[in-house]
Amino acid sequence: KTSGRARYEVYAGELDQAVQQRRALEHELRHALNASEGLELVYQPIFEARSGALLGCEALVRWNHPTKGRMPPDAFISLAEERGLINQLGLWVLRRAAEYVRASEVPWVAVNVSPVQFQNQDFAASVLNVLDEVGLSPRRLELEITEGLLLQNSEHVQQTLRHLRASGIRVALDDFGTGYSSISYLRTYGVDKLKIDKSFVSQLGRDDEIDGIVKSIIDLARAMRMKVTAEGVETQEQRVMLENLGCGELQGYLLSRPLTPERLIGLCIPQALG
Ligand code: C2E
Ligand code: CA
Ligand code: CA
Ligand code: CA
């Protein structure tokens, strides 16, 4: 009995520590957001498969933590979602990305939207408000949402998507193939682009079944007049296969890693001159 109790206390102590660490991290993230300090965006270019031309870019958030160093988004997005910071973080990212493309030659920027942020009643209005304040045309913004949102079959989601798209913003379905969206959801909601998840792309050429799935996603996109991007393209073999299957847009380490804003501008110069 006593040993059982001792074990429980050790366990509770560890739990306590984890809770405290998370609370400290929350506090630091709140500070970073309020002071606009330590957060930054990198931009991964997206290219046209056929011509290799730069089409646009995806903004990806980074946090330079005061002691832990550079933290990947997977380490703090869910914290922001749980602790009520995701709206502020999401709008910070949107504003920063919008200011960046507005002042650059990059045609458009894609911004990731957390489903928690999307649930907010005035999500569409707050996005349009930021574009208005920054002076960026809605046609130069793409929002990346995930399949889970469409599953909820909610009036809010449907209205928000309609409102955003009617204003000229494009909507892409991120990580496509990993969720449960069906053709009927795609038809009901209407999106402009499918992004084939990198877990499929990485298996291309190694697994006939995966090859078939990727081909059918590309065919589905064409049939429904959506664009299609393959993410996580890492090898020449994947690139050639995707091109042959008719995938319009490519993104991945083979073409370019996410870049600092300065380096992405550097990429645009030959295009601007030519
Ligand atoms: P995601 O939206 O699927 O973004 C693609 C992720 O794949 C990025 O990781 C990118 O750096 C990485 N990647 C790009 N090309 C390749 C490749 O060829 N191979 C491999 N293995 N990986 C590649 P990152 O930047 O760590 O972002 C992770 C996730 O965090 C993102 O996945 C997205 O869901 C989320 N995220 C990033 N920025 C934001 C943001 O501003 N807001 C929200 N809500 N989520 C964000
Ligand atoms: Ca994304
Ligand atoms: Ca993705
Ligand atoms: Ca992903």
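The values are calculated or read from the model by the stated rules, or taken from the named source; none is laboratory data. Note that the structure is predicted; figures quoted are calculated from it, not measured. Ideal geometry is used to build each Cβ from the backbone, glycine not excepted, and the neighbour counts take in all protein chains shown.
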Answer with yes or no whether Gly90 is modelled with pLDDT under 95 and either within 16 Å of ligand 4 (Cβ to nearest atom) or surrounded by 15 or more Cβ atoms within 10 Å (Cβ to Cβ) (or both).
no
Being assigned to a helix (DSSP H, G or I) and modelled with pLDDT of 95 or more is the requirement here; does Leu25 meet it?
no
Of residues in segment 66-82 being under 15 Å from the mean Cα position of the chain (by Cα) and in a loop (DSSP other than H, G, I, E, B), the one modelled with the highest pLDDT
Phe76
Only one of Ala32, Ala97 is within 16 Å of ligand 2 (Cβ to nearest atom), surrounded by 17 or more Cβ atoms within 10 Å (Cβ to Cβ) and not in a strand (DSSP E or B); which?
Ala97
Out of Thr229, Thr235, report the one residue that is within 14 Å of Ala49 (Cβ to Cβ) and modelled with pLDDT of 95 or more.
Thr229
Among the residues of segment 100-129, how many are assigned to a helix (DSSP H, G or I), among the aliphatic types (A, V, I, L, M) and in contact with a strand residue (DSSP E or B) (Cβ under 9 Å, 6 or more places away or on another chain)?
2
Residue match in segment 158-167 (condition: part of a loop (DSSP other than H, G, I, E, B), more than 16 Å from ligand 1 (Cβ to nearest atom) and touching a helix residue (DSSP H, G or I) at 6+ places or on another chain (Cβ under 6 Å)):
yes
Looking only at segment 165-172, decide whether some residue is closer than 18 Å to Val233 by Cβ and within 17 Å of the chain's Cα centre (by Cα).
yes
When you look at Gly212, is it assigned to a helix (DSSP H, G or I) and either surrounded by fewer than 15 Cβ atoms within 10 Å (Cβ to Cβ) or within 16 Å of ligand 1 (Cβ to nearest atom) (or both), yes or no?
yes
